[in-house]
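Trainee: Before I ask anything, here is the structure I am working with.
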Ligand code: ADP
């Protein structure tokens, strides 16, 4: 019998998504199941989940959740994905909202309460259902309390006697920090509120909780696992991570090719493959139409799909835009997020209506069109833990232009290497970005060289099987280390 693995995540495709975490939490469970694990996933029952009309049923189970100041009930619903059960934790007061974590104006004020509720409810359902997991795999700050609970309040519960916790850090900049005076909501004792525990410069820090108390920590690329141990990328947690470096592993995210393969993609108007790539130019035509642009075949179309957040390099992009728009290129951008970046981009698009088109939306169908129809894909990130779009781009023959950081650096090889699958610049600056786009635009003019770069990328395989095996190794070695098996 394989391991019993509980995955707790604040978002998972296809149910609810704001970013890469959802892709991981939707795909990894299925890949682990194929490796023989018994996998159960927990996700909040957001309004988005309810509205999408999945087959989700009541279980009749309600569990009490101690919130420090009061005890509330979680209703437990169940659905499935490729044979993996998904438990949805329902409490409308927390999750029946327009967004997952906050509006474009900022975070919801009660996120501590919302995700404390979720984290504790996961443990209560495990108890109520006697799931006895070998592993509870937590993700990001939203579930960062779970490892602390396992080491403290739930330590002597027999259902957790063989349970080890693993925390995956998908993005260290999002830490779930809250004022100390709300600490009692967690229900944890004062003995844990100190710099060795959940305290971070006087605040409560949920990601730190996970890093300190999890039995193993993973992050989503090798490069990022090294970067976050440095002050430049660690967002203040580099010291805490350095202490755990022997238990920290970088595992590159896989890609779900049942979703992201131009040969079978149902969201795009024309399928194509490495051998028969003609459909791509038809996709390009449709993409340009959807974005209201008219450009000649010789003009490369650069696509972007992005959360509009500080890390994504929108600042250097907007600084670079006047120079970029002097080149013979066109750009399509699909993005959602911070209001100020929405306005900045809309303003830019107003200046270059023939060359630059922007859609402010979160639209999964359209994101497939951008991948399929663009010639190049730009990711000028300040930092990028893994990055999925550059990996999707490779499969779609859409040559990535990326900044050399984190997972972007791990997956893209610069054209100059002779074996390149894309273009990569080092310095985080508008100048470096412009220079690389210029270089890519020149190579685009050389059809033979371009086809070669496309072919290299399209032939690469980043499927989940490999990544899931690495997670399984971490699960097993952690169990062995704790002598829990
Ligand atoms: P992050 O998690 O930092 O947002 P990743 O590259 O790891 O970055 O994952 C982003 C995921 O979210 C990708 O699957 C991407 O296609 C998707 N995505 C981001 N913004 C949008 C959008 N505006 N519309 C549709 N999908 C989006």
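The values are calculated or read from the model by the stated rules, or taken from the named source; none is laboratory data. Since the model is a prediction, treat every value here as computed from it, not as a measurement. Note that each Cβ is placed from the backbone with ideal geometry, even for glycine, and that neighbours are counted across all protein chains shown.
Trainee: Out of region 257-305, which residues are in contact with a strand residue (DSSP E or B) (Cβ under 8 Å, 6 or more places away or on another chain), in a loop (DSSP other than H, G, I, E, B) and within 16 Å of the ligand (Cβ to nearest atom)? Before you say what the answer is, go through the steps one by one.
Mentor: Taking region 257-305 first, the residues in contact with a strand residue (DSSP E or B) (Cβ under 8 Å, 6 or more places away or on another chain) are 257, 284, 287-288, 291-293, 295, 299-305.
Cutting the leftovers down to in a loop (DSSP other than H, G, I, E, B) gives us 257, 291-293, 295, 299-300.
Once the filter is applied, which keeps residues that are in contact with a strand residue (DSSP E or B) (Cβ under 8 Å, 6 or more places away or on another chain), in a loop (DSSP other than H, G, I, E, B) and within 16 Å of the ligand (Cβ to nearest atom), region 257-305 yields 257, 291.
Trainee: Still on this model: Please identify the pairs in which a residue from region 15-37 that is within 15 Å of residue 137 (Cβ to Cβ) has its Cβ atom under 6 Å from the Cβ atom of a residue that is within 16 Å of the ligand (Cβ to nearest atom) and assigned to a helix (DSSP H, G or I), counting only partners at least 6 apart or on another chain.
Mentor: Qualifying pairs under 6 Å: 27/464; 31/464.
Trainee: Give the number of residues within region 459-469 that are assigned to a loop (DSSP other than H, G, I, E, B) and in contact (Cβ under 8 Å) with a residue 60 or more places away in the chain. Write out each step before concluding.
Mentor: Filtering region 459-469 for residues assigned to a loop (DSSP other than H, G, I, E, B) gives 460-462.
The next check asks that each one be in contact (Cβ under 8 Å) with a residue 60 or more places away in the chain; those that pass are 460, 462.
Residues meeting the conditions: 2.
Per-residue answers, yes or no, for (1) closer than 30 Å to residue 81 by Cβ; (2) surrounded by fewer than 24 Cβ atoms within 10 Å (Cβ to Cβ):
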{"residue": "168", "(1), (2)": "yes, no"}
{"residue": "173", "(1), (2)": "yes, yes"}
{"residue": "197", "(1), (2)": "no, yes"}
{"residue": "244", "(1), (2)": "no, yes"}
{"residue": "249", "(1), (2)": "yes, yes"}
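Trainee: Further question: State yes or no: is residue 226 surrounded by 13 or more Cβ atoms within 10 Å (Cβ to Cβ) and closer than 22 Å to residue 472 by Cβ? Can you show your working first?
Mentor: Working: surrounded by 13 or more Cβ atoms within 10 Å (Cβ to Cβ): yes; closer than 22 Å to residue 472 by Cβ: no.
Spelling it out, it is not the case that residue 226 is surrounded by 13 or more Cβ atoms within 10 Å (Cβ to Cβ) and closer than 22 Å to residue 472 by Cβ.
Trainee: To continue, here is another question. Just one of the numbered conditions (1) closer than 30 Å to residue 15 by Cβ; (2) touching a helix residue (DSSP H, G or I) at 6+ places or on another chain (Cβ under 6 Å) is not true of residue 380; which one?
Mentor: Among (1) closer than 30 Å to residue 15 by Cβ; (2) touching a helix residue (DSSP H, G or I) at 6+ places or on another chain (Cβ under 6 Å), the lone unmet condition for residue 380 is (1).
Trainee: Which strands (runs of 3 or more DSSP E) sit wholly inside region 375-458 and have at least 3 residues that are under 26 Å from residue 281 (Cα atoms)? Don't jump to the end; show me each part of the working.
Mentor: Numbers: elements: 376-379, 399-403, 423-425.
Those strands (runs of 3 or more DSSP E) span 376-379, 399-403.
Trainee: Give the number of residues within region 306-331 that are part of a strand (DSSP E or B) and more than 12 Å from the ligand (Cβ to nearest atom).
Mentor: First, the residues of region 306-331 that are part of a strand (DSSP E or B): 306-308, 330-331.
The next check asks that each one be more than 12 Å from the ligand (Cβ to nearest atom); those that pass are 330-331.
Within region 306-331, residues that are part of a strand (DSSP E or B) and more than 12 Å from the ligand (Cβ to nearest atom) number 2.
Trainee: List, please: which pairs have Cβ atoms under 7 Å, are six or more places apart or on different chains, and start with a residue in region 329-352 that is under 16 Å from residue 311 (Cβ atoms) and end with one that is away from the ligand (no atom under 16 Å from the Cβ)?
Mentor: Pairs found: 344/318.
Trainee: It is to be established whether one or more residues within region 349-361 are touching a helix residue (DSSP H, G or I) at 6+ places or on another chain (Cβ under 9 Å), assigned to a helix (DSSP H, G or I) and surrounded by 23 or more Cβ atoms within 10 Å (Cβ to Cβ).
Mentor: Checked against the condition, which is being touching a helix residue (DSSP H, G or I) at 6+ places or on another chain (Cβ under 9 Å), assigned to a helix (DSSP H, G or I) and surrounded by 23 or more Cβ atoms within 10 Å (Cβ to Cβ), region 349-361 yields no hits at all.
Trainee: Six or more apart or on different chains, Cβ atoms under 8 Å: show the pairs whose first residue is in region 388-404 and over 18 Å from residue 414 (Cβ atoms) and assigned by TED's automatic domain parsing to the domain that holds residue 423 and whose second is in a helix (DSSP H, G or I) and away from the ligand (no atom under 13 Å from the Cβ).
Mentor: 395/457; 395/458; 396/280; 396/458
Trainee: Separate question: Look through region 362-374, keep the residues that are part of a loop (DSSP other than H, G, I, E, B) and within 8 Å of the ligand (Cβ to nearest atom), and return whichever of them is nearest to residue 338 (Cα to Cα).
Mentor: Applying the first criterion (part of a loop (DSSP other than H, G, I, E, B)) to region 362-374 yields 362-363, 374.
Still in the list and also within 8 Å of the ligand (Cβ to nearest atom): 362-363.
Values: 362: 12, 363: 16 Å.
In this case the residue turns out to be 362.
Trainee: Are any residues in region 386-410 away from the ligand (no atom under 11 Å from the Cβ) and under 19 Å from residue 467 (Cα atoms), and if so, which ones?
Mentor: Across region 386-410, the qualifying residues are 394, 395, 409, 410.
Conditions tested, residue by residue: (1) closer than 17 Å to residue 146 by Cα; (2) in the same structural domain as residue 361 (by TED's automatic domain parsing); (3) surrounded by fewer than 14 Cβ atoms within 10 Å (Cβ to Cβ).
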{"site": "72", "(1), (2), (3)": "no, no, no"}
{"site": "76", "(1), (2), (3)": "no, no, no"}
{"site": "79", "(1), (2), (3)": "no, no, no"}
{"site": "86", "(1), (2), (3)": "no, no, no"}
{"site": "105", "(1), (2), (3)": "no, no, yes"}
{"site": "113", "(1), (2), (3)": "yes, no, no"}
{"site": "120", "(1), (2), (3)": "yes, no, no"}
{"site": "123", "(1), (2), (3)": "yes, no, no"}
{"site": "129", "(1), (2), (3)": "no, no, no"}
